[in-house]
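In what follows, a structure is listed as structure tokens, so that the remarks can point back to it.
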Amino acid sequence: ITLSSLYDTFPLKKELSVRLKELQKLRKDRLDSMYSRLTELDKKQESGDGAAKEQFGEAKGEFNARKDQYEQENQQIMRGFDKRIWDSINVDIKAFGEANQYDYILGANGSGNLMYASKKRDLTDELIQYAYMNAAGKKKN
């Protein structure tokens, strides 16, 4: 499967993208409002208004702090959304593989990820036994 195509067209991704865009627009509107206030205060301070100078400094600090906060939160939200999307994709891939009795489903993203393997093809237990036997053999020597 082509992972990028699956991810980009996955229903949950579309749903979460809409929610993220709405949140980002709301935050942009808030920042734009704060920036407009900054512009007004800047004009007042340039005209010699001493109180405006102090207000400008406070408003500028508040604007920059809020902007940084929004950027960090947006990144955190995007990471959370990505995790939710991939978790959901993995559940669907497993169900799809089982329903269609596939032995393997490979992900084509350049790294050759194994996205699904049937339990009958799982060699984990055999490899664990081999590793213990190999380790026991090395201890005897």
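The values are calculated or read from the model by the stated rules, or taken from the named source; none is laboratory data. Note that the structure is predicted; figures quoted are calculated from it, not measured. Note that we place each Cβ from the backbone using ideal geometry, even for glycine, and neighbour counts take in every protein chain shown. Note: accessible area is taken over every heavy atom of the protein model, side chains too, but ligands, DNA and RNA are not part of it. Shrake-Rupley method; radii C 1.70, N 1.55, O 1.52, S 1.80 Å.
Could you grab me the full set of residues in the range 7-22 that are among the aliphatic types (A, V, I, L, M) and open to solvent by less than 50 Å² (accessible area, probe 1.4 Å)? Residues satisfying the conditions are L12, L16, L20. Scan the range 87-119 for residues that are at pLDDT below 80 and assigned to a helix (DSSP H, G or I) and jot them down. Across the range 87-119, there are no qualifying residues.
Take T9 and decide whether it is within 23 Å of K67 (Cα to Cα) and of a type in the set (S, T, N, Q). Spelling it out, it is not the case that T9 is within 23 Å of K67 (Cα to Cα) and of a type in the set (S, T, N, Q).
Looking at this structure, is K119 out of contact with any Lys or Arg (no Cβ under 6 Å at 6 or more places or on another chain) and either open to solvent by 100 Å² or more (accessible area, probe 1.4 Å) or polar (S, T, N, Q) (or both)? The answer is yes for K119.
Among residues of the range 57-76 that are within 14 Å of R30 (Cα to Cα), those with a beta-carbon under 8 Å from a residue that is open to solvent by 60 Å² or more (accessible area, probe 1.4 Å) and not charged (D, E, K, R) at least six positions away or on a different chain give the pairs F63/Y35. Taken as a whole, the structure places A108 among residues that are in contact with a Ser or Thr (Cβ under 6 Å, 6 or more places away or on another chain) and either surrounded by 10 or more Cβ atoms within 10 Å (Cβ to Cβ) or in contact (Cβ under 8 Å) with a residue 12 or more places away in the chain (or both). Taking the criterion of being in a helix (DSSP H, G or I) and surrounded by 14 or more Cβ atoms within 10 Å (Cβ to Cβ), the residues of the range 49-66 that qualify are A52, K53, Q55, F56, A59, K60, F63, R66. When the range 23-48 is filtered for residues that are surrounded by fewer than 14 Cβ atoms within 10 Å (Cβ to Cβ), of a type in the set (S, T, N, Q) and more than 37 Å from the chain's Cα centre (by Cα), only S47 remains.
Just wondering, is there one or more residues in the range 93-101 that are surrounded by 11 or more Cβ atoms within 10 Å (Cβ to Cβ), among the aromatic types (F, W, Y) and more than 30 Å from L23 (Cα to Cα)? Yes - at least one qualifying residue is present in the range 93-101.
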